[in-house]
Structures are given as structure tokens and as C-alpha cells.
Amino acid sequence: MEFIVRQLSSRPDTMLVRYDCACGCKPNAEYQQGSQEGGYEHCCCGNVHFLGPQAKAHLETYLADRKAQALDEDVGGYTVYETAVEAPWGGTVPVAYALPHHPKAH
Ligand SMILES: [Zn+2]
Ligand SMILES: [Zn+2]
């Protein structure tokens, strides 16, 4: 998975991290410098990515909640990955993402 980092020109303390999804979408997650909260996007095909501190923990909580509500039975579970991207203001910001075993149609 290749992530693309963009800095908002109107809000230079905010970054967007997206990827070109195989389904054709361009899911975006937003993160503000110094924030403890990150953003995420859950793509229509089932891919989901979280950005920000504790991204992996937030992602795992999110997936566990969905599982408890039986929302993801059709995708057959997820594989979770963790990486990091370079922030426009220096340093790195964690990214965690999950890929469904059986992606949904776009
Ligand atoms: Zn997708
Ligand atoms: Zn899509």
C-alpha cells in the first residue's frame, strides 16, 4: 500500500494521507499537528486506514466494534498492517490499515 501525504495550503498544520485504492476510490484520512486524535476513512470495498497517534489501537477498537455488531461478516475478517508516513512539519505519523480477506464490490 502506497500512501500519499498532502499538506493543506489553507491549514498548514493539517495533513491528509490517501492512497489510490484498487476499487477506484481515493480514501483520505486527516490529522492535525499535535493532536491526540486522528482521522480515518473506511473505503466502500472494505479497506480502512487510520492516521495519527495510536492509529493501530484505534483501528483495532474500530474493527472489534464492527465485529460485535456483525457488520463485517461478508468480508471474512481483516489483516492489519502498521506503517508511518513523514509529516510535512517533520517527524513521522503512524498509519494503520486493514485489508479485508474478501473485498466488497465498489
Ligand atoms: Zn476501496
Ligand atoms: Zn470504492
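Just so you know, all these numbers are worked out from the coordinates, no wet-lab data involved. Note that the coordinates shown come from a computational prediction; the quantities given were computed from them, not determined experimentally. Quick reminder, even Gly has a Cβ in these numbers, built from the backbone with ideal geometry, and neighbours come from all protein chains shown.
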Name the residue from Gln69, Tyr81, Ala105 whose Cα lies farthest towards the positive end of the charge dipole of the chain, charges +1 on Cβ of Lys and Arg and -1 on Cβ of Asp and Glu. Ala105
Given charges at Cβ of Lys, Arg, Asp, Glu: the stretch 1-62 dipole, positive-most of Pro53, Leu8, Gln36: Leu8
FRET efficiency for Ala57 and Leu8, Cβ-Cβ distance as r, R0 = 25 Å, nearest 0.05? 0.45
Residue among Gln32, Gln69, Gln54 with the largest mean-square fluctuation in a Gaussian network model of the chain, springs linking Cα atoms under 10 Å: Gln69
Scaled by the rule-of-thumb 2.2 N^0.38 Å, the alpha carbon Rg for the chain gives a ratio of 1.06
Can you list residues whose amide H is under 5 Å from Asn28's amide H, if they're 5+ apart or on another chain and H is modeled 1.01 Å from N? none
Taking the Cα atoms only, what angle lies between the long axis of helix 55-68 and the longest principal axis of the chain, rounded to 10 degrees? 30
With +1 on each Lys and Arg Cβ and -1 on each Asp and Glu Cβ, how big is the dipole of the stretch 4-100 about its Cα centre, in debye rounded to the nearest 20? 200
